[in-house]
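The values are calculated or read from the model by the stated rules, or taken from the named source; none is laboratory data. The structure presented is a predicted model; accordingly, all values stated were derived computationally and were not measured. Glycine gets a Cβ as well: all are built from the backbone with ideal geometry, and neighbour counts include every protein chain shown.
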Amino acid sequence: MKSKKHTVQNDAAQQRLLQYLSGQMDHATAHEFEKEAENDPFLQEALEGLNMVDKNADLNNLVQSLNSGLKKQIGRRRKRSLHTYKEIWIYVAVLVVLAIIVVTYFVVTRLIN
C-alpha cells in the first residue's frame with residue numbers, strides 16, 4: 001500500500017514538473033513551484049537537466065523512458081541483493097552440516113576407543 005501511495009505522489013510530482021517545463025502553469029503556481037524547487041535539491045537537478053533538453057523534444061516520452069530505465073536498474077539491484085542473501089544461507093547450511101559431521105566423527109571415534 002505504501003508503494004502505491006509513493007507511486008501516486010511521484011506521478012503527481014512528475015506531472016507538475018512537466019506542466020512547469022511546458023509552460024502550462026499560471027504565473028503564481030509556477031512561482032510557487034520554483035520556491036519548492038529551491039528547497040528540494042532533487043527537484044532542482046531534475047529542472048536543470050530537463051531544461052537542457054531540446055524544447056522540441058517530447059518531454060513526456062523522455063521522462064517515461066528515463067523512469068522505465070531507472071525501474072529496470074533498481075529491479076536488477078534488488079534481484080542481486082536477494083541472490084546474495086540466498087547464497088549466504090546456503091553457505092551457513094553447508095557449514096552446519098560439516099560441523100555436525102565432524103562432531104559425529106569425534107563422538108563415534110571416542111565411543112570405539
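Tabulated values for the structure
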| read-out | value |
| --- | --- |
| Options ASN61, ASN67, ASN10; residue that is at pLDDT below 80, of a type in the set (S, T, N, Q) and surrounded by fewer than 10 Cβ atoms within 10 Å (Cβ to Cβ) | ASN61 |
| Test: LEU82 is of a type outside the set (S, T, N, Q), modelled with pLDDT under 75 and within 27 Å of LEU17 (Cα to Cα) | no |
| Given (1) modelled with pLDDT under 75; (2) surrounded by 11 or more Cβ atoms within 10 Å (Cβ to Cβ); (3) of a type outside the set (A, V, I, L, M), number of the condition GLN15 does not satisfy | (1) |
| Matching residues in the stretch 18-58 - criterion: being of a type in the set (A, V, I, L, M) and surrounded by 10 or more Cβ atoms within 10 Å (Cβ to Cβ) | LEU18, LEU21, MET25, ALA30, ALA37, LEU43, ALA46, LEU47, LEU50, VAL53, ALA57 |
| Pairs with Cβ under 8 Å, 6+ apart, first in the stretch 28-56 and modelled with pLDDT of 85 or more, second assigned to a loop (DSSP other than H, G, I, E, B) | PHE33/MET25 |
